[in-house]
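A.B. asks: To start, I am sharing the structure in question, which I have written as structure tokens.
The values are calculated or read from the model by the stated rules, or taken from the named source; none is laboratory data. What you are looking at is a predicted structure, and each value in this text was computed from that prediction instead of being measured. Positions of Cβ are backbone-derived with ideal geometry, glycine not excepted, and every protein chain shown enters the neighbour counts. Quick note on the areas: whole protein, heavy atoms, side chains included, nothing else; ligands and nucleic acids left out. Shrake-Rupley method; radii C 1.70, N 1.55, O 1.52, S 1.80 Å.
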Amino acid sequence: MKKSYLMFAVLGALMSARGGTVLASPVPTETTSTSAEKETSTVTYMVPDVVVTASRTDQEIKETPAVISVITREDIDHMNAKTLREALASQVGVLVNPGNTGAAVSIRGTTERHNLILVDGKAFAHDLDRKFSYGAELDRLPLDNVERIEIVRGSYSTMYGSEAIGGVVNIITKKKEPPETSFYWHKTTGEDKSDTKGFSISADANRRLHILAGASHRKTKPNYDRENLPYQYSGTLNTYYLNASYDLSPRRTLSFALDYLDQDFKQKDLDYYDRPQNSFYDHDRWNMSLEYKGENTSEAYFLRAYRSVYEKTAYRKSPEGTPKKSVYTAYMKSQLYTIEGQYRKHWGKNTVTVGAQYRQDKPIGNRQKAGGNYIGHRNVNGFSVPLYEVLLTQQSVYLQDEWRPTQRWLLLAGVRYDMHNKFANKVSPNVGLVYFASPHDRIKANYGKGYAVPGVNELYLEWGGIYGDPTLRAEESSSADISYEMERGRYRHKFTFFYNNIKNFIDLYNRAPEDPFGEWYYQNIAEVKLHGFEYEGKGRLSDYVDARLGMMILRSNDDVIDGESFYAPTYRSHTKIDVGVTYHRNDWTATLWGDYIGKNRDAKRSHVYQIWNLTVGKDFGKNLSVSLGTYNLFNKKLSSRYEFGRSFRFTLTAKI
């Protein structure tokens with residue numbers, strides 16, 4: 001088996017390249033559309049031809065070495081998905097790991113802190129602990145304003161810098177919609193209980209000014225264990241957004257975006273002495289951005305600035321409502337400021353991309369005493385807590401060249417240089433290629449180096465027996481993959497072998513194992529090697545039936561350097577299979593899909609399970625649609641995976 005992986009690694013390695021629709025030279029040797037091409041193009045569920053994540057500008061999927069999957073708006077509606085967690089759960093190479101505060105996404109076995117989640121290519125402020133920073137975001141980011149979701153699997157630090165070791169999830173929001181007002185109501189009952197209502201309004205003026213605004217309110221209720229304690233936090237989530245763009249010319253646009261999130265969650269639990277208490281978490285975040293972008297027949301460019309501010313307050317009270325002072329009493333504020341630009345030029349057989357970014361993170365909290373500057377106290381739940389501020393800055397430049405020497409070959413080389421005020425400067429190179437064997441067959445390969453800097457908590461935390469380490473080194477990765485893509489009539493197939501070696505892996509290590517609670521320190525504790533195989537297929541079985549099949553076989557090896565790793569991805573060595581079938585005829589649609597999760601080979605305790613889901617939808621004209629669904633059809637209960645049983649869903653959407 002090892003010899004096979006070495007053979008594929010020698011052949012190449014896949015991942016990041018481009019050639020935008022505006023900039024790309026013609027693809028392969030044949031230009032006449034065949035009947036097979038026409039037949040394939042009619043499959044409505046097939047991925048869009050153009051994506052933006054790999055190069056940050058419009059580009060055809062065929063023209064990039066990157067392994068990319070796209071979740072379309074139609075896919076989201078067919079699954080009746082209302083959270084990012086639900087949309088990602090059935091994607092090839094992706095495993096969603098639920099927890100009591102949310103869910104974490106793992107791409108090709110990497111941990112959640114190795115996968116970058118973006119909205120329209122922009123980062124956003126979140127929790128200070130990178131180990132759990134995106135955990136709540138999978139349930140927090142709404143999907144009602146989403147046009148599509150692009151998933152790039154594999155290291156992508158050349159374009160995005162830190163955190164993109166495992167991959168990038170880029171949520172593309174709606175921009176220019178036809179003038180209308182829409183309302184929706186989503187109700188879930190059974191073992192999963194929630195109620196969501198929302199609306200959106202779109203308008204334009206003189207066909208140049210485009211405005212899209214909306215809001216949503218979601219209320220969730222908990223599931224309880226045998227001691228009548230809830231498994232997860234529950235409460236309310238309110239979101240508001242405004243997207244406005246003005247067309248300065250047919251190919252130049254000025255855009256402004258603003259959104260706000262307010263989440264109030266609580267959970268009944270027990271303290272260290274088994275006394276009942278209530279835990280409260282209040283979250284607020286607002287994002288604002290301004291962007292100028294343009295393009296012509298030979299170039300594309302953008303310049304944007306954005307700010308994101310996230311606040312979190314955590315506290316506990318007795319059942320009678322009396323405030324309780326504990327280590328969980330906390331306040332934190334994460335502030336992100338970014339300005340970045342990119343210029344992309346097509347010269348003959350070359351397409352050159354150059355970009356730069358300045359980013360400033362200014363986190364404030366009461367748990368960063370070890371490395372922050374004291375700035376005063378704040379009242380939290382009736383108690384005064386000290387606050388400390390940390391300043392992190394990063395300046396980055398990157399350069400990438402795509403060379404098309406012949407119609408059959410596309411070669412890519414890129415490099416990024418990041419300068420940090422707290423860490424050693426980092427160089428992230430990447431090389432890739434695409435060989436067009438025919439108009440319907442491609443071999444893609446990519447090799448790249450990536451990195452992930454420690455989070456603020458991993459550096460400076462002092463809280464509840466967990467401590468940061470200011471001397472932590474950035475995690476570094478070397479990744480490679482090679483894939484074969486083919487189209488045959490109504491069917492598309494993609495086969496991929498991948499490898500990722502992560503050094504300086506950061507994890508928790510117990511320095512006081514004799515202590516019942518321990519003394520846990522973040523350390524560069526291990527070297528992790530991940531490798532595996534992916535298959536992704538889509539096809540039209542008949543004029544009314546579409547199908548998809550995905551599979552990932554993942555294997556991991558940990559070389560623990562000092563002590564026992566606590567969260568290392570050896571727990572994620574498994575096989576995952578995703579299956580989906582959609583029937584669509586006239587105004588009716590029905591989708592059946594399921595996920596099989598195999599045994600974690602290296603875990604002491606592991607469950608093999610599969611979850612099946614079914615939705616049926618009906619359109620009543622152009623302005624009214626109804627969807628009914630059953631999640632977890634066969635009532636699978638697995639509390640360790642936060643699967644509590646069958647639930648029923650109803651969605652009503654009306655447009656004016």
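A.B. asks: Using only Cα atoms, what is the ratio of the radius of gyration of the stretch 341-380 to 2.2 N^0.38 Å? All intermediate terms of the calculation are to be shown ahead of the outcome.
C.D. replies: Details: Rg = 21.3 Å, N = 40, 2.2 N^0.38 = 8.9 Å.
Against the empirical 2.2 N^0.38 Å value, I get 2.39 for the stretch 341-380.
A.B. asks: Moving on. Excluding same-chain residues fewer than 8 positions from residue 422, which lysines have a Cα within less than 21 Å of its Cα?
C.D. replies: 131, 333, 362, 369, 449, 503
A.B. asks: While we're on this one: Apply the Karplus curve 6.51 cos²θ - 1.76 cosθ + 1.60, θ = phi - 60°, to the phi angles in the stretch 285-295 and return the couplings in whole Hz, x for Gly and Pro.
C.D. replies: After applying 6.51 cos²θ - 1.76 cosθ + 1.60, I find 8, 9, 10, 9, 9, 9, 9, 10, 9, x, 7 Hz.
A.B. asks: Here is a follow-up. Determine the sum of side-chain charges near residue 167: Lys and Arg each +1, Asp and Glu each -1, restricted to other residues whose C-beta is under 9 angstrom from that of residue 167. Each step should come with its number before you reach the end.
C.D. replies: On the way: positive: 108, 153; negative: none.
In short, +2.
A.B. asks: Would you kindly find the accessible area of residue 299, with a 1.4 Å probe and non-protein molecules such as ligands, DNA and RNA excluded, rounding to the nearest 10 Å²?
C.D. replies: Rounded to the nearest 10, the figure is 40 Å².
A.B. asks: Another question about this same structure. Take peptides 300-307, 119-126, 497-504 and line them up by average Cβ neighbours within 10 Å, highest first, as a rough protection proxy. Could the numbers behind the result be given before it?
C.D. replies: Details: 300-307: 18.9, 119-126: 21.2, 497-504: 23.5.
In descending order of packing, they fall as 497-504, 119-126, 300-307.
A.B. asks: Which order do peptides 161-173, 273-285 fall in by mean Cβ count within 10 Å, highest first? Show your work: numbers first, answer last.
C.D. replies: Values: 161-173: 25.7, 273-285: 14.9.
Ranking the peptides 161-173, 273-285 by packing returns 161-173, 273-285.
A.B. asks: While we're on this one: Report residue 520's accessible area, 1.4 Å probe, all protein chains in place, as a number in Å² to the nearest 10.
C.D. replies: Estimated to the nearest 10 Å², residue 520 gives 60 Å².
A.B. asks: Filter the cross-link list 122/345; 62/655; 187/655; 82/221; 122/529; 324/637 down to pairs whose alpha-carbon distance in this structure exceeds 27 Å. Could the numbers behind the result be given before it?
C.D. replies: Working: 122/345 22 Å; 62/655 36 Å; 187/655 18 Å; 82/221 16 Å; 122/529 29 Å; 324/637 34 Å.
Exceeds cut-off: 62/655; 122/529; 324/637.
A.B. asks: How far is it, in nm, from the label point at residue 274 to the one at residue 185 when both lie 7 Å from their Cα along the line to the Cβ?
C.D. replies: In this crude spin-label approximation the distance works out to 4.5 nm.
A.B. asks: With r as the distance between the Cβ atoms of residue 262 and residue 354 and R0 = 51 Å, compute the FRET efficiency 1/(1 + (r/R0)^6) and round to 0.05.
C.D. replies: Working: r = 39 Å, r/R0 = 0.77.
Efficiency computed from Cβ-Cβ geometry: 0.85.
A.B. asks: Using a Förster distance of 51 angstrom, determine the FRET efficiency expected from the C-beta separation of residue 284 and residue 586, and round it to 0.05. Before the final figure, lay out the partial values.
C.D. replies: On the way: r = 45 Å, r/R0 = 0.89.
For residue 284 and residue 586, the calculated efficiency is 0.70.
A.B. asks: Under 12 Å Cα to Cα from residue 538, which aspartates and glutamates show up? Leave out anything in the same chain fewer than 8 places away.
C.D. replies: 485, 487, 546, 578
A.B. asks: Quick one: Karplus J couplings for the stretch 192-203, per residue in order, coefficients 6.51, -1.76, 1.60, θ = phi - 60°, nearest Hz, x for Gly and Pro?
C.D. replies: 10, 10, 7, 9, 10, 10, x, 8, 9, 10, 10, 7
A.B. asks: Among 212-218, 318-324, what's the highest-first ranking by average C-beta atoms within 10 angstrom per residue? Write out the running numbers ahead of the final one.
C.D. replies: Values: 212-218: 19.4, 318-324: 11.1.
By packing density, highest mean first, the sequence is 212-218, 318-324.
A.B. asks: Over the stretch 435-537, with the other protein chains present, what is the accessible area per residue in square angstrom, probe 1.4 angstrom?
C.D. replies: Values: 3660 Å² over 103 residues.
That works out to 36 Å² per residue.
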